[in-house]
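For reference, the structure discussed in these notes is given below.
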Amino acid sequence: MVTVDYWSISLKDLSETVTLYPLLSAEEKRRSLRFKFPELQQRFILGRGKLRQILGCYLNQNPQDLEFIYGEYGKPFVQNISFNFSHTKELAFCAVTKEISSLNLGIDIEIINRKTDPLALAKRFFDPVEFQYLQSQSLENQLTDFVRFWTAKEAYLKALGTGLQGGLDQVVIALTDQPSFQNSGAQDWTLKMFQPDAHHWGAIAVNTNSCEFRDCGEWIG
Ligand SMILES: CC(C)(COP(=O)(O)OP(=O)(O)OC[C@H]1O[C@@H](n2cnc3c(N)ncnc32)[C@H](O)[C@@H]1OP(=O)(O)O)[C@@H](O)C(=O)NCCC(=O)NCCS
């Protein structure tokens, strides 16, 4: 049985960049300089710095010594551990397990955005069965279920490493009491959905059906 931990990471306190910046690699520091808006730059530093702290803690290594390598579509990997990271504005999450380093693990969190048109987007990007499901829901549920579909699909595509290039319509979700993947190739996968607060939904995808998830709360360094 694999245990996947997931950590909430606050990106609110921008003053923390002072202590976290030195943990970044030279390449990450260069990347941080490419953000046009200072707030985005600072949130990147906070996210990457705290991700380094978490992975360093699991691997018993100094956070600044970790070496990230990147897959074809930009997925970051570190030797001897499986992890994935997701952020929206002031909140980020990291899913991590040391138990199988070759596990495909993906996490996504999204804000419930009241300005989106869930049916129009679902018609364009989702499987027809999912579109029909959303159509049958109340307006309020359409909005939250759209976000739940999206996070589950994106978590799966991030686990594969393709990101959205893999195609949101290639991943099919059943939003039952225990949401699951329905697409071919996902028989052995597990989907975990979680709601950090009233404004967000999150999902974790992992390519094993022998898996438990541990909510580790907020990372405080
Ligand atoms: C991966 C992707 C879905 C992330 O979208 P997003 O809305 O910014 O999502 P999240 O906040 O959930 O995830 C971002 C994090 O996922 C990780 N990540 C990046 N690429 C990834 C990939 N292909 N697969 C899995 N995880 C990835 C990184 O840790 C990243 O954090 P960082 O931006 O601080 O480095 C999206 O960028 C994508 O589809 N990329 C792949 C294809 C592509 O266009 N690549 C262009 C460069 S090769």
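We did not get these values from a lab; they are worked out from the coordinates using the rules stated. Note that the coordinates shown come from a computational prediction; the quantities given were computed from them, not determined experimentally. Using ideal geometry, Cβ is built from the backbone for each residue, glycine included, and neighbour counts are taken over all protein chains shown.
Computed quantities for the displayed model
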| read-out | value |
| --- | --- |
| Coil-residue GluC sites (Glu not before Pro) of segment 77-117, DSSP, other Cβ within 10 Å capped at 16 | GLU90, GLU99 |
| Gyration tensor verdict on segment 146-212 (Cα atoms; rounded if a/c is under 1.5, prolate if a/b is larger than b/c, oblate otherwise) | oblate |
| Rg/Rg_globular for segment 95-221, with Rg_globular taken as 2.2 N^0.38 Å and Rg from C-alpha atoms | 1.04 |
| Exposed trypsin sites (Lys or Arg not before Pro) absent: longest stretch of the chain, with sites in DSSP loops and at most 14 other Cβ within 10 Å deemed exposed | 116-221 |
| Simple spin-label estimate for GLN61 and LYS115 in nanometres, 7 Å along Cα-Cβ | 4.1 nm |
| Alpha-carbon spread of segment 2-218, three principal axes, descending order, Å | 51, 38, 31 |
| Whole-number percent relative contact order across segment 43-114, with pairs defined as alpha carbons under 8 Å at least 6 apart | 23 percent |
| Sequence of SER25, SER210 once ranked by neighbouring C-beta atoms within 10 Å, starting from the fewest | SER210, SER25 |
| Potential lengthening between ARG30 and LYS98 on full extension [0.36 nm per residue; Cα-Cα distance subtracted] | 21.6 nm |
| Cα-based reach from LYS115 at 24 Å (exclusive), listing lysines while leaving out same-chain residues under 8 positions away | LYS12, LYS89, LYS123, LYS153 |
| Sites ASP188 and GLN132, calculated FRET efficiency, Cβ-Cβ separation with R0 22 Å, nearest 0.05 | 0.25 |
| Mean Kyte hydropathy of -0.5 or more with a Cα span along the axis of at least 27 Å, helices from DSSP in the chain | 38-59, 139-160 |
